[in-house]
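Accompanying notes for the structure given below.
The values are calculated or read from the model by the stated rules, or taken from the named source; none is laboratory data. Predicted model, so just to flag it, every value in this text is computed and none were measured. A quick note on method: Cβ atoms are made from the backbone with ideal geometry, for glycine too, and the neighbour counts reach across all protein chains shown. Only protein heavy atoms, including side chains, enter the accessible area calculation; ligands, DNA and RNA are left aside. Shrake-Rupley method; radii C 1.70, N 1.55, O 1.52, S 1.80 Å.
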Amino acid sequence: MLRVEKEQCVRSSDDRAGAMVWIPGGTFRMGSDRHYPEEAPSRQVAVGGFWIDQTPVTNRQFSQFVAATGHVTTAEAPPDPKEYPGALPHMLYAGSLVFMRPRSTFDLCDRSQWWFFLEGADWRHPYGPKTDIHGFDDYPVVHVSFSDAIAYAKWACKDLPTEAEWEFAARGGLDGAEFAWGDVFMPDGLCMANTWRGDFPRHSRDEDGYEHTSPVTAFPPNGYGLHDMIGNVWEWTCDWYSPNPETDMAKACCIPQNPRGGNEEASYDPRLPDIKIPRKVLKGGSHLCAPNHCRRYRPAARHAEPVHTSACHVGFRCVAREPNAS
C-alpha cells in the first residue's frame, strides 16, 4: 500500500496532496439500529489515526491526474462483454448512469424511472456529450468507478478509506449522533448538506441553491473540519460490501481494531446470480437522498456499489495512514 508522510500532505504545493486533516483515531459506535437493516447492529469499534482529504476530490484535481497519467475512466470505455452475459452487443457502449427527473412515477422501488445509462456521459460530460465541467473546477468529480478512484489514490500516494475510517471521520467527534453535525437535520433552519428537499424524484425545492452537485466547501464542515461527508456525492471506500456487518466481526471479548468488510465473493449481488461483479461500500449519501426515498444522508448509512459502476452522484476522497498502520 502506498503511504504518504504527514509533512508532505500538509505542506506540499502539489495538488496531489491537497488539504488533509489528521484524525487521531479512537473508539466509536459504528452503524445504527434505527434505520436500514444493513446498518445494524450498532457496535463499538476502534480505528487508528489517519489523514483524510478535507473535501471530495474535485474536477480540478482529477483533471491534473488525467493530464499526468493519461488515465481513461471506466465510463469512457465500452464494457467487457464477458462481464455481462446475455447482453446484446449494441447495448455495450461507453457511458455512465445519469439521473433524470421523470414526469410521473408509479413505484419508488423502480429506479429505472429516473436512472439511465447514457452514452457519452463521463467525468468530463456529467450529463451527456452536450455538457461539460467548464466553470466547475471546485465541484466533486463524478462518474468515477472504484478502479478510477484507486488509480487516482495511488498516483497521489494515498489510499481509499475503510468503511470504519470513513464513518469515524464523518461523525466529527459526535459519537452516536444522527447526523455529522448533531441530531437535528436542519438546525435553526440551516441547510447543513446538499441533499434532496422535496418529493423525490419529481420535485425538489432546491433550498440549498443547487440543483445537482455543489462546490465542495459550499456547506459547513463537521467537527473535524471536513466538508461534504454527508450529501453532495456518495464516496467510495475500499471495503467489500457485506449486508450483515456483524458476521464479519471478530468473535472476541475485545473491541475490533480497524475492522474491514467482508470478502470479494460474498459481495456479489444475490439478485443477479449470473453476473459476478463484486461490490464495494459507498458512504455519505448524495444530493439525491431524500426523506421520502433514501434517508442515507447519515454517517451510519451505507450502500453497495458494483466496482465497475459509475454515476453522476458518486465520487470519492482519499486517506493517508501512518507507516506501519494496519
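Tabulated values for the structure
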item: ³J(HN,Hα), Karplus 6.51/-1.76/1.60, whole Hz, each residue of segment 278-283, x for Gly, Pro; result: x, 10, 10, 8, 9, 9
item: Karplus (6.51, -1.76, 1.60) ³J(HN,Hα), θ = phi - 60°, over segment 227-237, in Hz, Gly and Pro reported as x; result: 9, 6, 5, 10, x, 6, 9, 4, 10, 5, 10
item: Tail weight of P(r) past 36 Å, computed on alpha-carbon pairs of the chain, percent; result: 14 percent
item: Per-selection Rg to Rh, segment 124-250 - Cα, Kirkwood hydrodynamic radius; result: 0.98
item: Amide H contacts of ASN258 (H built 1.01 Å from N, under 5 Å, at least 5 apart or other chain); result: ALA46, VAL47, GLY48
item: Under-5 Å amide H pairs with HIS35, H placed in peptide plane, nonlocal only; result: none
item: Relative contact order of the chain, defined on C-alpha pairs under 8 angstrom at six or more residues apart (%); result: 26 percent
item: For the chain, built as a Gaussian network whose Cα springs stay under 10 Å, the top-fluctuating residue of LYS82, LYS283, LYS158; result: LYS82
item: Estimated 222 nm signal from helices in the chain, with DSSP H stretches of n ≥ 4 weighted -39500 (n - 2.57), rounded to 500; result: -3000 deg cm²/dmol
item: Per-peptide average of other Cβ atoms within 10 Å, ordering 116-127, 91-102, 304-315 highest first; result: 304-315, 116-127, 91-102
item: Rounded Å value of the spacing that divides the Cα centres of segment 110-189 and segment 248-316; result: 13 Å
item: Surface accessible to a 1.4 Å probe, per residue, for the residues of segment 46-111, Å²; result: 54 Å²
